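Written out below as structure tokens is the structure these notes cover.
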Amino acid sequence: MNPDPSNTIFQQAVAFVNQTSKHLFLTGKAGTGKTTFLKYIKENTFKRLAVVAPTGVAAINAGGVTIHSFFQLPLGPFIPSHKNYWDSYQGELNNPSTLIRNLRLPSAKRDVIRELDLLIIDEVSMVRADLLDAVDTVLRHVRRQPLIPFGGVQMVYIGDLFQLPPVVRNEEWQLMKEFYASPFFFQAEAIKLAFPLYIELKKIYRQKDDSFIHILNNIRNNCCTADDLEYLHQYYKPGYSPEKDEHYITLTSHNGKADGMNQTELQKLATRQFTYEATITGEFNERANPAEKTLYLKEGAQVMFIKNDKGEARRYYNGKIATIKKLEAEKVTVTFANEPGEMELERETWKNIRYKYLQENDHVDEEELGTFTQYPIRLAWAITIHKSQGLTFEKAIIDAGASFAPGQVYVSLSRLTSLKGLILYSRILPHTISTDQRVVDFVQHEMGEEQLQLTLQEEQKVFARHSLMNGFAWEKVLDIVNTHYEAYEHRKVPEQNRSIEWCRRLLDDVTAQHEVAIKFRKVLERLFADCEADGYSQLYTRTKAASEYFLKEIDDKLLTSTKEHLKRVQTLQKVKKYLKELKNLHLVFERKKQQVQHALQLAEAMHQSVQLKDVLQLVNEHQKPATIEPAETEDILTKHAKPEKGESQRLSLRLFKEGKSIADIAIERSLAPGTIESHLAGFIPTGEMDILDLVTPDKLDKIILVIQELNKTIHDQPLTSSLVKEKLPDDYTYGEIRATMKFMEMEKVGLKDVK
């Protein structure tokens with residue numbers, strides 16, 4: 001996706017997301033490219049991100065998940081207070097204490113939340129303040145950052161506050177109003193602590209009519225004049241009945257009315273009705289269906305597209321009106337007004353996803369849970385004003401009943417590309433177009449373009465410096481090692497106590513490194529205060545020295561220790577899962593080593609007076625998730641996961657050749673001594689084991705003698721080690737007997753040959 005290069009505000013907004021840690025509210029009038037911005041960031045950011053939205057349909061359209069499902073939030077209001085309100089409210093209610101106490105996040109979701117760099121909330125105009133505070137509470141708790149808003153995650157809010165407001169029932173508002181001035185997201189307590197930068201996309205791609213744009217701006221800004229209304233009322237034509245070929249869509253206030261109009265018009269058509277069923281795979285909540293599950297169509301029906309064309313031709317967009325030209329069992333053909341030719345439709349697929357963190361490549365990825373496949377159209381003689389948000393129409397009849405509800409004027413008018421396509425069934429009264437004053441006040445935080453650019457440059461410097469400092473942030477490493485150590489309480493592995501002792505020493509080393517890292521980051525903070533004065537010379541010198549220290553610490557005390565533990569553990573049984581956990585630890589240490597190396601490169605680039613844009617490019621390269629597969633640990637896991645035939649026996653042989661006794665090998669491998677003896681006996685025929693390593697000469701003579709005697713007396717049954725054992729004293733083992741039988745079978749000899 002290549003955004004408009006002339007749209008400087010769009011480019012600035014992208015830079016704020018990718019090259020700063022600044023929270024952002026991205027807004028803009030209808031048709032300014034907010035959806036394009038979201039898609040561009042998803043495709044062009046190195047940060048680990050998730051996209052959430054307040055409703056199922058909005059989440060599916062944004063390519064994300066709902067806020068409630070991502071954070072496992074309960075329904076009902078959230079009160080940012082520990083005061084008890086249960087007696088005064090009959091529904092479900094939560095505060096910080098109850099929310100955390102009842103939080104049921106699977107470990108996979110916790111991993112995603114802990115690893116997030118960026119959270120995008122789409123359609124934020126519908127997000128209530130209390131919901132955002134609940135999100136803040138969960139992020140702080142799960143990320144173990146109770147004092148940092150949103151747990152340190154960069155927040156990007158996308159939406160238009162001049163569209164329809166969030167929904168709050170009256171009984172809920174009676175509780176909420178003590179804490180919130182309005183239900184809008186920007187009234188959240190978390191926003192007061194982490195106020196987002198206000199960026200408004202200006203370039204309008206939907207409307208070209210300057211007079212229309214002027215009126216829409218006045219409606220947004222609460223300064224609509226009598227002249228504006230008079231101008232709009234030129235299009236007041238109550239009861240206007242469009243001709244079939246005029247292709248008007250009616251915007252109305254109620255679902256029932258819109259559905260009724262569509263069905264009435266469909267029944268008027270004398271053509272055959274075709275039915276097209278959606279194909280649903282896996283998990284897909286029917287309340288989040290982005291299109292009709294069962295689509296009823298007739299030739300001549302007026303439809304609109306509900307998705308933008310992803311092909312290069314871009315023949316349709318979300319809201320474009322078309323007419324059904326021809327229908328077959330698996331074929332739908334449409335035409336467009338004032339456009340030549342016809343187009344055969346292809347079914348579109350929407351995905352239901354969930355996010356997962358992949359330890360192997362340090363990346364938050366999307367996992368497909370289900371799909372919904374259907375033709376991207378719906379009947380379009382009518383639609384509700386609410387559902388028209390985000391759509392674009394060339395012609396529309398606006399029928400809001402006796403009067404417009406607050407917020408409906410701007411939403412409905414801004415769907416149009418031009419006033420030439422407007423028909424009003426109702427007059428617009430002044431009181432129906434007043435914008436909430438708190439929204440107008442919030443908008444005043446917008447910066448001028450020059451100030452915005454200066455802010456961007458300063459935030460980019462801060463981001464580069466923080467990226468350098470993060471190379472010496474040991475909190476994540478300490479948390480992971482500590483979690484691994486605590487898990488031994490429930491983990492069952494051979495040599496449990498020995499493994500616990502190993503991990504305790506590892507934790508001590510990481511803790512000591514963490515303490516040194518804290519002190520060094522304080523040094524960095526002081527150096528950053530006047531680092532430009534000496535050309536970052538002292539900063540580079542100190543960073544170089546620190547890097548050398550930490551790289552040696554990582555190599556000597558973390559990586560080497562983990563490799564040695566992996567080698568020892570691989571000889572044990574039933575440790576496949578444990579080996580994988582150790583491999584993940586090794587990956588964490590490798591990545592920490594890589595981060596320290598990157599920090600040194602950044603310090604060197606700053607010292608060499610590299611331009612800021614080049615330093616930021618270096619930051620971006622360093623932040624890209626890197627897959628690290630240490631060959632040694634990978635080999636251990638591969639061999640352990642898929643052992644070749646005879647590998648267990650050969651491992652026993654190797655340990656024996658290293659000088660370990662049969663008893664020691666049995667303890668180390670959690671096997672019976674007899675099993676180890678059997679393993680070793682198998683190598684007597686190959687010459688890799690000497691019989692006298694397993695059986696003393698005296699015992700060997702005695703066993704051979706018993707075997708020879710039994711061979712003379714038994715003829716109707718096979719000779720077994722049990723029969724031999726019965727003829728020998730108790731201190732002779734089955735392992736010694738089997739080894740002797742292997743030796744005699746190989747040599748085909750009698751007692752005299754042995755002597």
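The values are calculated or read from the model by the stated rules, or taken from the named source; none is laboratory data. What you see is a predicted model; the values in this text were computed from it and never measured. Cβ coordinates were reconstructed from backbone atoms using ideal geometry, including for glycine residues, and neighbour counts include every protein chain displayed. In case anyone asks, the SASA skips ligands and DNA or RNA and just uses the protein heavy atoms, side chains included. Shrake-Rupley method; radii C 1.70, N 1.55, O 1.52, S 1.80 Å.
Tabulated data for the structure shown
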item: Leading residue by the ranking (modelled with the highest pLDDT) among those in the range 16-30 that are buried (at least 21 other Cβ atoms within 10 Å of the Cβ) and small (Gly, Ala, Ser); result: 28
item: Boolean, residue 144 is of a type in the set (D, E, K, R) and on the phi < 0 side of the Ramachandran plot; result: no
item: Residues of the range 277-300 classified as surrounded by fewer than 16 Cβ atoms within 10 Å (Cβ to Cβ) and in a strand (DSSP E or B), total; result: 6
item: Test: residue in the range 173-181 that is open to solvent by less than 10 Å² (accessible area, probe 1.4 Å), in contact (Cβ under 8 Å) with a residue 12 or more places away in the chain and more than 23 Å from the chain's Cα centre (by Cα); result: yes
item: Options 401, 390: the member that is crowded, with 18+ Cβ neighbours inside 10 Å, at positive phi and modelled with pLDDT under 90; result: 390
item: Check on residue 7, more than 18 Å from the chain's Cα centre (by Cα) and either open to solvent by 40 Å² or more (accessible area, probe 1.4 Å) or modelled with pLDDT under 90 (or both); result: yes
item: Filtered residues of the range 237-260 (kept if open to solvent by 60 Å² or more (accessible area, probe 1.4 Å) and either modelled with pLDDT of 95 or more or charged (D, E, K, R) (or both)); result: 237, 243, 244, 245, 257, 259
item: Members of the range 301-324 found to be open to solvent by 70 Å² or more (accessible area, probe 1.4 Å) and on the phi > 0 side of the Ramachandran plot, listed by number; result: 314
item: Selected residue [outside any loop (DSSP other than H, G, I, E, B), in contact with a Gly (Cβ under 6 Å, 6 or more places away or on another chain) and among the acidic types (Asp, Glu)] from 230, 200, 265; result: 200
item: Condition broken by residue 327, with the remaining ones in (1) surrounded by fewer than 16 Cβ atoms within 10 Å (Cβ to Cβ); (2) farther than 18 Å from residue 246 by Cα; (3) not small (Gly, Ala, Ser) satisfied; result: (1)
item: Hits in the range 612-636 (condition: open to solvent by 60 Å² or more (accessible area, probe 1.4 Å), within 26 Å of residue 545 (Cβ to Cβ) and either at pLDDT below 75 or outside any helix (DSSP H, G or I) (or both)); result: 623
item: Positions within the range 406-425 being open to solvent by less than 10 Å² (accessible area, probe 1.4 Å), over 12 Å from residue 164 (Cα atoms) and touching a strand residue (DSSP E or B) at 6+ places or on another chain (Cβ under 7 Å), in sequence order; result: 415, 416, 421, 422, 423, 424
item: Options 111, 133; residue that is open to solvent by less than 60 Å² (accessible area, probe 1.4 Å) and within 26 Å of the chain's Cα centre (by Cα); result: 133
item: Residue in the range 536-552 that is of a type outside the set (Lys, Arg), out of contact with any helix residue (DSSP H, G or I) (no Cβ under 9 Å at 6 or more places or on another chain) and farther than 28 Å from residue 479 by Cα present; result: no
item: Residue ranges of helices (runs of 4 or more DSSP H) in the range 654-736 with at least 1 members modelled with pLDDT of 85 or more and open to solvent by 40 Å² or more (accessible area, probe 1.4 Å); result: 697-713, 721-726
item: Every residue from the range 145-185 that is closer than 21 Å to residue 93 by Cα and outside any loop (DSSP other than H, G, I, E, B); result: 170, 171, 172, 173, 174, 175, 176, 184, 185
item: Every residue from the range 529-552 that is in contact with a Leu (Cβ under 7 Å, 6 or more places away or on another chain) and either in a helix (DSSP H, G or I) or surrounded by fewer than 19 Cβ atoms within 10 Å (Cβ to Cβ) (or both); result: 538, 539, 542, 543, 544, 547
item: Positions within the range 74-97 being at pLDDT 85 or above, open to solvent by 20 Å² or more (accessible area, probe 1.4 Å) and not small (Gly, Ala, Ser), in sequence order; result: 74, 75, 80, 96
item: Check on residue 337, of a type in the set (A, V, I, L, M), touching a residue at least 12 places away in the same chain (Cβ under 8 Å), farther than 28 Å from residue 55 by Cβ and open to solvent by 40 Å² or more (accessible area, probe 1.4 Å); result: yes
item: Residue that is nearest to residue 654 (Cα to Cα) [pool: residues in the range 561-582 that are open to solvent by 20 Å² or more (accessible area, probe 1.4 Å) and under 30 Å from the mean Cα position of the chain (by Cα)]; result: 576
